[in-house]
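Beneath this line is the structure, given in structure tokens, with notes to follow.
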Amino acid sequence: MKPSVTLLMAMHCHQPVGNFGFVFEDAYAKAYDPFVRVVERHPDVRLALHYSGCLLDWLADHRPEFLARVHALVKRGQVELLASGYYEPILPMIPEVDRQGQIAQMRSTLRRRFGADAQGLWLTERVWEPELPETLARAGIRYTMVDTNQFGLAKPWLPSASQVQDEHFWDVLGSYATDYAGSSVIVFPASKRLRYWMPFQSVERTIEFLKQLQRDEPVAITFADDGEKFGMWPKTYHWVYEEGWLDRFFSALEQERAWLRAETFHHYLEGAQPNGRVYLPCGSYEEMLEWSGGQFRNFFTKYPEANAMQQKMLRISRTLSQLRAERGTLKVAEGKARASRRTPLMKREGLLQQAQQELYTAQCNCAYWHGVFGGLYLSHLRRAVYAHLIAAEQLTAQAMGVRETVVMDDVDGDGCEEASLTTSTMGVVVDPSDGGVLTEWSLSGPRLNLLDTLTRRHEPYHDKLRSQQAASVASSGGSPASIHDALGVKEDDLASHLIYDDHRRSAFLDYAFGRMPTLQEVVRSTWGEQRLWSSGPWQWEARASKGRGRWLDVGMVRTLSGGRLRKTVRIATDQPLLECRYETQDLTIPVVGLEFNLSLRDERYLTTPQERVGATQFVLQEASSNVSLTLSLDAPATIIHFPIETVSESEEGLERTYQGMCVVCLWTVKAPRWHVTTQWTVTVS
């Protein structure tokens with residue numbers, strides 16, 4: 001006899017690529033291991049678990065016995081494992097060919113490790129777009145979970161008996177078929193009520209709600225959420241395990257078996273048809289829509305730094321797709337070649353496979369967006385993404401036999417042409433439409449983007465911090481507050497660090513001032529009123545090309561009333577050397593400033609902004625990467641340097657995060673025609 005109420009639970013566990021080892025250890029000790037131990041004690045409670053590929057890799061290396069325990073749960077039918085993109089990409093953000101490759105890799109890994117044929121998918125950050133049914137069906141996926149709020153526009157066409165409405169929540173029961181271009185999948189609406197209640201409300205309240213769902217016909221309700229909230233969110237370990245909330249909840253499910261059953265999605269669908277058909281718009285869970293302004297892709301407008309990573313990822317994917325199209329031709333050629341000539345073709349294939357894997361790894365979603373759970377503000381996560389993107393670029397270049405390239409293309413997707421100059425040691429991107437600046441400066445050896453900094457921007461939670469509302473919120477009954485209801489701070493006087501920039505923190509920004517700005521004006525970005533003109537677009541004077549001797553170069557000009565400005569960017573082909581030359585012509589400028597923002601962390605300069613007068617050299621060193629930068633000037637300057645720090649929200653509260661080092665060079669100019677060359681030399685020890 002079917003139970004009158006079926007509870008479908010999906011628990012998602014993930015740690016991003018590039019996260020610190022101690023975070024993996026902490027998550028395992030506080031959430032992953034104790035949760036599975038409780039599941040093992042309650043064999044009648046069935047549910048779905050999802051572990052991202054990057055977490056599976058860590059578990060295989062550090063906790064293989066844990067995977068063996070999960071395997072045992074799968075084998076006895078208590079646990080269903082869900083697939084996803086292997087490295088937890090947000091599927092709509094990556095090309096279709098990569099969607100298929102990532103899902104196939106995950107399904108293959110689950111078959112090999114656990115003997116599981118995963119037909120359900122954990123939808124990363126529950127970001128849904130209407131074409132996904134075609135992607136999922138093609139990948140062998142039958143069903144996934146999306147949040148109930150995404151069904152809102154379809155409310156009039158959903159069965160009334162499947163809707164539960166009260167003062168605070170709207171729930172949709174059951175499952176629904178949806179399709180695109182003739183391909184269909186089943187979507188389960190995940191309850192916001194249960195997401196907010198479990199584990200923060202009492203077991204009794206949740207069971208009472210489930211009891212009220214009983215109908216003449218059997219019904220099902222879905223709970224889908226992060227496994228980290230069961231032990232790793234603030235104060236939850238004590239509540240969930242030491243106080244025994246999870247054990248009590250699972251015991252209650254077992255005690256109420258006469259009418260209530262916790263089941264896997266796969267087993268539920270063996271005996272239940274979808275409750276109807278539905279078509280969903282672009283969406284995600286409500287908090288994500290709030291953070292993104294209603295659409296996930298808005299992150300790439302608000303944060304050009306995220307867009308830069310995204311567009312670089314897409315360019316690499318396009319290049320690999322083009323090379324894949326050539327593979328058939330290569331294999332035919334290899335078959336006709338003599339044995340002694342097969343190795344280069346085989347080597348090329350191996351390099352491209354490695355490049356593909358590096359690209360997949362770089363598609364891990366966390367560093368591309370910002371919210372309580374997004375990692376854009378975490379420099380170590382962005383650095384990891386860039387490391388894998390640069391590695392994919394290198395491997396692709398090796399496979400193609402390319403050492404030096406000059407490409408004019410729309411690099412950032414803004415409809416304007418940028419220049420990419422690449423050698424075997426470094427690559428730079430020059431953007432004339434954005435003030436003639438450098439937006440990327442990547443090193444091949446350490447696989448590091450030296451311009452991977454983040455601009456100091458206003459975020460909505462800054463207003464709460466200013467109004468001194470950042471106190472932890474305690475809920476009644478002794479249970480911890482949900483992370484969505486609490487705002488804490490990780491250090492005193494954090495509001496004093498709320499400083500906002502009026503420009504993106506890139507490199508080779510130029511300024512003209514009526515007087516020498518003060519140290520504090522530079523640090524606090526309040527020098528805007530001192531500028532003689534605002535930043536603006538530049539035009540190509542000399543398109544990027546292979547220069548004479550050992551240089552790749554590009555030139556830009558900007559025409560102003562009565563005069564011109566010229567910028568020339570050059571990189572050496574035989575060593576990691578970057579030159580930025582700036583010239584003025586027929587312009588009266590009392591003070592010229594050039595700004596460079598660099599992602600290195602030099603422990604000597606992290607506390608106090610510094611000013612050096614009459615300097616011709618500046619050295620920035622990062623011990624962790626063994627990278628050193630030496631700035632040489634052919635005209636003495638006043639050099640101001642200071643750390644760029646942001647205040648951002650994380651699971652544990654508001655925190656101050658180092659983003660990079662700003663270096664501003666200032667010169668007093670006494671002639672209408674003037675020029676200076678800044679030379680940056682890279683040393684990797």
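Structural remarks
- G401 modelled with pLDDT under 95 and either of a type in the set (K, R) or under 22 Å from the mean Cα position of the chain (by Cα) (or both): no
- I640 in contact with a Gly (Cβ under 8 Å, 6 or more places away or on another chain) and in contact (Cβ under 8 Å) with a residue 60 or more places away in the chain: no
- Residues within the stretch 38-69 that are in a helix (DSSP H, G or I) and in contact with a strand residue (DSSP E or B) (Cβ under 8 Å, 6 or more places away or on another chain), tallied: 3
- R99 being farther than 27 Å from G21 by Cβ, of a type outside the set (D, E) and assigned to a helix (DSSP H, G or I): yes
- Single residue of the stretch 1-37 satisfying the filter (β-branched (V, I, T) and in a strand (DSSP E or B)) that is farthest from the chain's Cα centre (by Cα): V5
- If you filter the stretch 186-208 down to residues that are surrounded by fewer than 20 Cβ atoms within 10 Å (Cβ to Cβ) and of a type in the set (F, W, Y), you find that the one that is nearest to the chain's Cα centre (by Cα) is Y196.
- Among residues of the stretch 404-417 that are assigned to a strand (DSSP E or B), those with a beta-carbon under 9 Å from a residue that is aromatic (F, W, Y) at least six positions away or on a different chain give the pairs M408/W540.
- Checking E228, E263 one by one, the residue that is crowded, with 21+ Cβ neighbours inside 10 Å, of a type in the set (D, E) and touching a strand residue (DSSP E or B) at 6+ places or on another chain (Cβ under 6 Å) is E263 and no other.
- Of the candidates S534, S545, S496, the single residue that is over 23 Å from T608 (Cβ atoms), without any contact (Cβ under 8 Å) to a residue 12 or more places away in the chain and out of contact with any Asp or Glu (no Cβ under 6 Å at 6 or more places or on another chain) is S534.
- Residue match in the stretch 367-383 (condition: closer than 19 Å to Q105 by Cβ, modelled with pLDDT of 95 or more and in a helix (DSSP H, G or I)): no
- The set of residues in the stretch 397-416 being touching a strand residue (DSSP E or B) at 6+ places or on another chain (Cβ under 7 Å) and buried (at least 16 other Cβ atoms within 10 Å of the Cβ) consists of V406, V411, D412.
- Of the residues in the stretch 121-130, at least one is of a type outside the set (F, W, Y), at pLDDT 95 or above, assigned by TED's automatic domain parsing to the domain that holds T264 and over 20 Å from R297 (Cα atoms).
- Any chance E134 is free of Cβ contacts under 8 Å to residues at least 60 places away in the same chain and crowded, with 16+ Cβ neighbours inside 10 Å: yes
- Conditions (1) in a helix (DSSP H, G or I); (2) under 30 Å from S4 (Cβ atoms); number of the one not met by A272: (1)
- Boolean, Y285 is within 13 Å of the chain's Cα centre (by Cα) and crowded, with 20+ Cβ neighbours inside 10 Å: no
- Inspection of the stretch 258-271 identifies at least one residue that is outside the structural domain of H370 (by TED's automatic domain parsing), touching a Ser or Thr at 6+ places or on another chain (Cβ under 6 Å) and either without any contact (Cβ under 8 Å) to a residue 60 or more places away in the chain or of a type in the set (D, E, K, R) (or both).
- Test: V592 is part of a strand (DSSP E or B), in contact with a helix residue (DSSP H, G or I) (Cβ under 6 Å, 6 or more places away or on another chain) and farther than 21 Å from L443 by Cα: no
- Listed here are the strands (runs of 3 or more DSSP E) enclosed by the stretch 507-581 that have at least 3 residues being buried (at least 16 other Cβ atoms within 10 Å of the Cβ) and assigned by TED's automatic domain parsing to the domain that holds W667: 507-513, 551-560, 563-572.
- Selection from the stretch 242-276 of residues that are touching an Asp or Glu at 6+ places or on another chain (Cβ under 8 Å) and not aliphatic (A, V, I, L, M): E254, R257, T264, F265, H266, H267
- Test result for H71, surrounded by 15 or more Cβ atoms within 10 Å (Cβ to Cβ) and closer than 23 Å to L381 by Cβ: no
- The selection criterion, being in contact (Cβ under 8 Å) with a residue 12 or more places away in the chain, of a type in the set (F, W, Y) and touching a helix residue (DSSP H, G or I) at 6+ places or on another chain (Cβ under 9 Å), does not hold for Y582.
The values are calculated or read from the model by the stated rules, or taken from the named source; none is laboratory data. Just so it is clear, the structure is predicted and the values come from calculations on it, not from any experiment. Glycine also receives a Cβ, built like all others from the backbone with ideal geometry; neighbour counts cover every protein chain displayed.
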